[in-house]
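In what follows, a structure is listed as structure tokens, so that the remarks can point back to it.
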Amino acid sequence: MYKNKFFIILLIAAVFFPALSYVLNFYTDWLFFVETGFPSVFTTTLYAQTGAGLFFGGLLFGFALINLLIANRAVFPSAGMIIEAGSLRLHRGETQRFVKPLGILACVTLAMFVGQWGAMQWEEVLLFINRVTVGTVDPVMGWDIGFYLFCLPLLEMLKAFASFMLLATMLMAALVYFLRGGITLTERGAAVDGYVRRHLAVLVGLFACVIAAGFYLDSFRLLFSNNNAFYGAGYADVNSRLFTYRVLTFLTPLAGGTLVLGIWKGSWRMALLPPILVVALNIVGTRVYPGLLQKFKVAPNELALETPYIENNLKFTRFGYDLDKIETVPFDVDTKLSAADIANNDATIKNIRLWDHAPLLKTYSQLQQIRTYYKFFDVDNDRYRVNGRYTQVMLSPRELSYADLPSKNWINERLVFTHGNGITFGPVSRISKEGLPEFFVKDIPAVSLADIRVTRPEIYFGELSNEYVIVKTRIPEFSYPTATGNINTTYAGKGGVPLDSLLKKTLFAAWFKTEKIMLSSDITKESRIIYNRNINERVKALAPFLRFDGDPYMVVTENGGLKWIIDAYTFSDRLPCSTPLKGGINYMRNSIKAVVDAYDGTVSFYISDPHDVLARAYNRIFPELFKPMAAMPDDLRKHVRYPHQFLQLQAAMFAAYHMTDPKVFYNKENLWQVPALGEKPMEPYYTIMKLPGEKLEEYILLLPFTPSKRDNLAAWLTARCDGENYGKIRAYTFPRDRLIYGPKQIDARINQDSFISQQLTLWNQRGSEVIRGSLLVIPIEKSLLYVQPLFLAADKDGLPELKRVIVAFGDQVVMEDNLELALQRLFGSKKTIVAADATPAVATDAKASPSALAKEAMSIYEKAVTLQRQGNWAGYGEELKKLEQVLRRMAK
């Protein structure tokens, strides 16, 4: 009796707690979607999940139950026999009582599992219902690409479901027949009643039809084959395997019919022969013959026979990664760059990024973190019009680090310390006299040294935000510290869910596993609970069918607010003849821009590529989720940038797929690669420059290429980010008949320079850590500049200071205190070269008296001696040049 009660309690607990968890998850998700303004997205997904789950679960339950009822209707002569299995003895008559209820229970259990599996297929179902036509057909089967993207996944899912349903039903029916005496084991083997044979024969016949459907779908899978030299259907696939699958699609149902007839009549020879023939044909037609065809016909004539299929791979891979839009432009490089050219490209020079992300993040953390519980997680690159100048900047949000709170308790973590505060914002190239970055916006509260204003500095939603906080409570929120005490604030936004009822408090207390939400007297009816605060998790919760970029960046709006922009991607692994990435994806577009308000958590999704077929389909599924790009506010559109991670992916594919001639592609005659310094390949970098043939500077993303296994430059790839030119990509190719130094060759020449290597060795011997920044290739006019900053830190945890800038041009390499001095050494003419990162040189009066010149010479000499003692040999050499000029004037 007690055992039965204990079993009932366990059963209730096993049902109650998962059900409670589901209800909590359902309700909190619903409130979240209502808060963000997308309840229709939640209901659309819910209806699709419910419908798919009920369809698949109900279909399996109905089909299996009907077959079990058929199996239980029959009466067999051996129903009174005893089943013996070792020491177990079971009378078949006794099994009649529990076979039927256990069978129903098994059907219910399987239906529940299949229903859950079916609910997970909601995306495939909705894409199928809302499919769109691409307008391009595959080259082998002649079907529109939309069939592969939207229909084929659902058909393969249905085939898998039908196979499982039939196999599970056959096994359950066979077990019922065995327990009821329809199948008995004798010394001669298994004895099967005629009724049983006929029932199982029908199920086997249906299974044969499913196998035939599988062969039909396998013919489409040929377009995803890997043929070593390329992806997609090859000669052997089209001329052997495709024909075999078509024959098997027609032959398998006939073989299934013969198999059914053999089982029905009890003729095992008739039953076994058709499956053997199908298996043999499958092996010979898809493995043996194609292998022989490949070895003896295709391999000796591979290029001639595979050319049309290589063309297919080229066409669809370029389509899959949007490489067709890349415009190839010849770039006839020369070394005739002059000081006048440098002056004419002043905006480019002033926006050369000298501050690398890693050293700058460490510098920001030490200079602007203010308190230990603040943290800079990342540094973002963007462009703004600062004081009327188009300027490239580095920006880092100051977020709250909950791991570093001085006193960790529930009140501090959930009610008091609720948000980060402000940003650090500065130019990419300016350097103070101490080798530190300059700032446009800094400190807490925000101090603006330019016309950029931050009026709403609080960051409630970011990359470091914790699970949840509760705002508008009786306890004031901490805003920021001052010398006289802490400044408090009260949340005035619309983010979060109101805790205006005991039910909500109870549910959130259960969901976040803390009773404090329900019992705290500091929470009022005006209080709001803010959750899903991490911006990456927030957008994923709203649009789980998208992939999001790993580098969100913050934007300061014109009214002083802070917003995050996150690039989102549509993707598929179902594009025929397209070369896949490591994860199997062979189609990807950066067609969505997500925007999250850092203060109130408002989320907006904008379609930046309306031509993307997947974006069009998702827009039909969730019309209230997406907005056109034209609806994005202008102050945000000015900061939309081409994602560097996506260009890096495109560059990896374009390195091979810029070759559009099948013969050249097959022979890898012009294969490129992204250059590497050390073990890590170069990453695309943003800069402001004037592209060849353009009149104005613009914000672009740039990445160089070198020939495969060689170090000289082959091309440079650029993605444009501004205005109507957004998303346009150009590949500037260098002449192949001359040497253009690549990053690795320039790096080697820097290492071989006696003065630079001596200086680096001297710094290292003094215990300082020398950090060599990114080597940037900067196209100016028809020439190339190579720029690399050098940072010094006292130790690994020390403050990095930008101490030198190395510039290479042609065969010359120089290292100076700043970019201006380096350009002066290379091109001369101080008057025409005035960069933003340096102090202009002091002019000398041509009519100065001898005594004034002598004083100036003495001043220069003393400065040179000081620099010599400091080990600043570059500065020492520059002062000697100045001294020489003064002495020459004194000698006149």
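The values are calculated or read from the model by the stated rules, or taken from the named source; none is laboratory data. Since the structure is predicted, the reported quantities are computational estimates derived from the model, not experimental observations. Here the Cβ positions follow ideal geometry from the backbone for every residue, glycine too, while neighbour counts run over all protein chains shown. Areas reflect the complete protein model, heavy atoms only, side chains present, ligands, DNA and RNA absent. Shrake-Rupley method; radii C 1.70, N 1.55, O 1.52, S 1.80 Å.
For this structure, a couple of remarks:
- Close amide H pairs (under 5 Å, H built 1.01 Å from N) link F705 with A714, A715, W716, L717, residues at least 5 positions away or on another chain.
- Potential lengthening between S448 and Y726 on full extension [0.36 nm per residue; Cα-Cα distance subtracted]: 97.1 nm
- Near the amide H of L671, within less than 5 Å, lie the amide hydrogens of S708, all on another chain or at least 5 residues away, with H placed in the peptide plane.
- Counting all C-alpha pairs of region 317-362, share separated by more than 16 Å (%): 70 percent
- Rounded to whole numbers, the Karplus 3J(HN,Hα) couplings from phi for region 361-373 are 4, 5, 5, 4, 4, 7, 8, 10, 5, 6, 10, 5, 7 Hz, using 6.51 cos²θ - 1.76 cosθ + 1.60 with θ = phi - 60°, and x at Gly and Pro.
- Linear extension gain, Y47 paired with I283, 0.36 nm per residue minus alpha-carbon span: 80.6 nm
- Here the ratio of the Cα radius of gyration of region 571-697 to 2.2 N^0.38 Å is 1.33.
- The peptide list 154-166, 305-317, put in order of mean Cβ contacts within 10 Å with the highest first, becomes 305-317, 154-166.
- For K516, the aspartates and glutamates whose Cα falls under 19 Å of its own Cα, not counting residues fewer than eight places away in the same chain, are E413, E467, E477, D500, E526.
- Calculated FRET value between F250 and I70, using beta carbons and R₀ = 45 Å, to 0.05: 0.90
- A straight line joining the Cα centroids of region 41-68 and region 664-734 runs 51 Å.
- Considering only V298, L281, P308, the residue lying farthest towards the positive end of the dipole of region 264-313 is L281, judged by Cα position with unit charges set on Cβ.
- Among the protein heavy atoms of the chain, carbon and sulfur supply 58% of the accessible surface, probe 1.4 Å, non-protein parts ignored.
- Placing dummy labels 7 Å off each Cα toward the beta-carbon, the span from N344 to E327 is 2.1 nm.
- Total formal charge among the other residues, if their Cβ is under 12 angstrom from that of D451, Lys/Arg +1 and Asp/Glu -1: +2
- Amide H partners (placed H, <5 Å) of R430, local residues excluded: E438
- Rg/Rh for region 380-433, where both radii come from Cα atoms and Rh is the Kirkwood radius: 1.21
- Axis angle, to the nearest 10 degrees, between helix 39-73 and the longest C-alpha principal axis of the chain: 20 degrees.
- Qualifying GluC sites (Glu not before Pro) in region 500-558, DSSP loop, other Cβ atoms within 10 Å at most 16: E515, E526, E558
- Trypsin sites (Lys or Arg not before Pro) restricted to region 431-517 and DSSP loop, no more than 11 other C-beta within 10 Å: K433, K513
- Report note on the peptides 717-728, 101-112: ranked by the mean count of other C-beta atoms within 10 Å, highest first, their order is 717-728, 101-112.
- The aspartates and glutamates whose alpha-carbon is closer than 13 Å to the alpha-carbon of K159, local same-chain residues fewer than 8 away aside, are D218.
- Length gained on full extension, S708 to A190: 179.9 nm, using 0.36 nm per residue less the C-alpha separation.
- In whole angstrom, region 338-479 maps to an equivalent ellipsoid with semi-axes of 35, 15, 11, each derived as √(5λ) from the alpha carbon gyration tensor and ordered largest first.
- Cα gyration tensor shape for region 515-603, rounded if a/c is under 1.5, else prolate or oblate: oblate
- Three principal axis lengths of region 462-620 [C-alpha, angstrom, descending]: 63, 39, 29
- Dipole of the chain, positive end: most advanced residue of T602, T133, F207 [Cβ charges, Cα centre]: F207
- Summed over the residues of the chain and divided among them, the accessible surface reaches 47 Å² per residue at a probe radius of 1.4 Å.
- FRET efficiency, 1/(1 + (r/R0)^6) with R0 45 Å, evaluated for V664 and L880 via beta carbons: 0.25
- Excluding same-chain neighbours fewer than eight residues apart, the lysines reachable from K881 by a Cα-Cα span under 24 Å are K433, K803, K830, K831, K847, K855, K863, K892.
- Label-point separation in nm, A652 to N387, each point 7 Å along Cα→Cβ: 4.2 nm
- Residues F113 and D500, FRET efficiency given R0 of 45 Å [Cβ-Cβ distance, rounded to 0.05]: 0.70
- MRE, 222 nm, helices only [DSSP H, n ≥ 4, -39500 (n - 2.57), over the chain, to nearest 500]: -14000 deg cm²/dmol
- Above-threshold pairs, the threshold being 29 Å between Cα atoms, out of K362/K680; K375/K525; K408/K525; K362/K690; K563/K695: K375/K525; K362/K690; K563/K695
- Cα-Cα over 23 Å, subset of K297/K582; K295/K315; K315/K663: K297/K582; K295/K315
- Using alpha carbons only: equivalent-ellipsoid semi-axes of region 218-288, gyration tensor based, whole Å: 32, 10, 8
- Region 706-797 shape via C-alpha gyration tensor axes, a/c threshold 1.5: oblate
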